[in-house]
Amino acid sequence: MMRKLLKLDEPLLLFKHGQAMEDPRDGLSLFGPLDEGKPYGIRAGVVGTASCIAKFKSWVDWVQLPVRLLTPVLARPPFPGFEAAFRVPWNSRPALTVEIDESELKAKSGLDDRHQRVYQTVDLFSQAIVDALRDEESKPDVWFVVIPDYVRRYCRPEGIVAPADRHESQRFFKSAKQAKALYQAPSLFAEANEAAEPYFFKENFRNQLKARLLEHRVSTQILREGTLENIMSSPQNARQAGLMKMQSQIAWNISTTAFYKTGGRPWKVDGIREGVCYIGLVYKKDQRSADARLACCGAQMFLDSGDGVVFKGAVGPWHNTDTGDFHLSRRAAHDLIQMAIKSFMDRRPDRQPPGELFIHGKTTFNDEEWAGFREAAPSQTSIVGVKIRDDSSLKLYRSGDTPVLRGTAFVRNARNAALWTRGWTPRLGTYPGLEVPNPLSVEICRGDALIETVLNDIMALTKLNYNACLFADGSPITLKFANAVGEVLTAGPMPSGGAPLPFMYYI
């Protein structure tokens, strides 16, 4: 194929009444979400301190009315109000509230041992939710975990507690390394194993909370107290003026994820091919092991309906320490794709396997890995392996003051292209970036497909982020959350067994 420069059409999204729009915010404002949603609307549980719960209720009251910027910006359209956008109610009185004692929260989030600090802080919230699910009759569809800003500041890997907030931890071990050693070789003493448990988890509040709630199938959305305070009607200072510029976008983001996590589908891609399945492979090194080759593999599957499912793969020696690449064994590759196809068929009324299966990864697929994929797929399923990476080696410039258009593609040959998913967007009247946009390097490394088809699919997959309400992301959804999902999968010991979980439990 000759080299050529293409401009791909902007994918359209489908909303209620079969209406299609480029921008999800336009579609929701004009037509409403694709799914009707539950008649009772958002049945939310809230866990936090008394002040956090009060601010959450105030924020939900505030978001019932239109949210406009003082100075209109085309790239940040106004929010019409929750029920006007999603056609279901959201009562500011939660279905269930669980109050966290603030003095206890400050004591645990101020511990000087980072592992104990994060583990005990997460335990306050996770155990409160688990207890409520066991003891209370009301069962919320989504839990909002509202944290003070100091929890976010202190409960992350590099967090350092201010001297005024610091509390001394009780130490059972001389070092974290000594405690982590009990992960693979448990002690004969139950007391030692119990004391070592905080060191088996990553020191990240968000990822650890979601990992520990996976076995309970709890959908959560973590909100900072400072975000909920941003409901002023006029700025008092420069900082507040800066926050007000994001008010409508914050309303769009939180409202969209609330609707999605209660079981609604805000939109899907219009005109996507029937019976197509997309899988993004996720690899994350297992930091608890002394073997540098050990890594966890998971797969994110997205259906033509826009629904997402995450599969937990086994931990194994998938990391090549010489090349830095990750590759599954033949058996592990077979099992992963077999799970994905079974899940696809379970979600189809005709119980048919996918006609096309695209596997997205950041590395190529070796012969053993690909043989496992092929063996797991029925004969009527066409499998295509696509390697997608950010590419800073190629720059494309145009005359004038604006950068290259989003959707521009430079096709090198029938199997390789550069795709600009970031760039000037006519609908927004801007380029949402600060530097010359870099393209994605797209290579069909296994199987056969038209390069234009692969590029158009990637463009469409940049518009399925239900955890926010943006025009589009720079990366396809198959890879957008790869790192986030991988962090949850390796944030702590995973419960064994269980069916694949919908994507909403990880984001």
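The values are calculated or read from the model by the stated rules, or taken from the named source; none is laboratory data. No experiment lies behind these values; they were computed from the predicted model shown. Neighbour counts are summed over all protein chains in view; Cβ atoms, including those assigned to glycine, are modelled from backbone coordinates with ideal geometry.
Taking region 103-131, which residues are surrounded by 19 or more Cβ atoms within 10 Å (Cβ to Cβ), aliphatic (A, V, I, L, M) and under 13 Å from G45 (Cβ atoms)? I129 - this is the single residue of region 103-131 that is surrounded by 19 or more Cβ atoms within 10 Å (Cβ to Cβ), aliphatic (A, V, I, L, M) and under 13 Å from G45 (Cβ atoms). Of the numbered criteria (1) under 28 Å from F56 (Cβ atoms); (2) crowded, with 16+ Cβ neighbours inside 10 Å; (3) among the basic types (K, R), the one K180 fails is (1).
For region 91-108, a residue qualifies if it is small (G, A, S) and in contact (Cβ under 8 Å) with a residue 12 or more places away in the chain, and the qualifying residues are S92, A95, A107.
Scanning region 381-390 for residues that are polar (S, T, N, Q) and not in a loop (DSSP other than H, G, I, E, B) yields a single hit, S382.
No other residue among R117, R152 is assigned by TED's automatic domain parsing to the domain that holds I250 and touching a Cys at 6+ places or on another chain (Cβ under 9 Å) apart from R117. Only one of the numbered conditions (1) modelled with pLDDT under 95; (2) outside the structural domain of N230 (by TED's automatic domain parsing); (3) surrounded by 16 or more Cβ atoms within 10 Å (Cβ to Cβ); (4) not charged (D, E, K, R) is not met by G41, and that is (2).
The residue of region 300-319 that is farthest from V269 (Cα to Cα), among those that are part of a strand (DSSP E or B) and out of contact with any Phe, Trp or Tyr (no Cβ under 8 Å at 6 or more places or on another chain), is G316. One residue alone among E203, E215, E225 is at pLDDT below 90 and either over 29 Å from G32 (Cβ atoms) or outside the structural domain of L470 (by TED's automatic domain parsing) (or both), and that residue is E215. Among the conditions (1) under 16 Å from the mean Cα position of the chain (by Cα); (2) assigned to a strand (DSSP E or B), the only one that T256 does not satisfy is (2).
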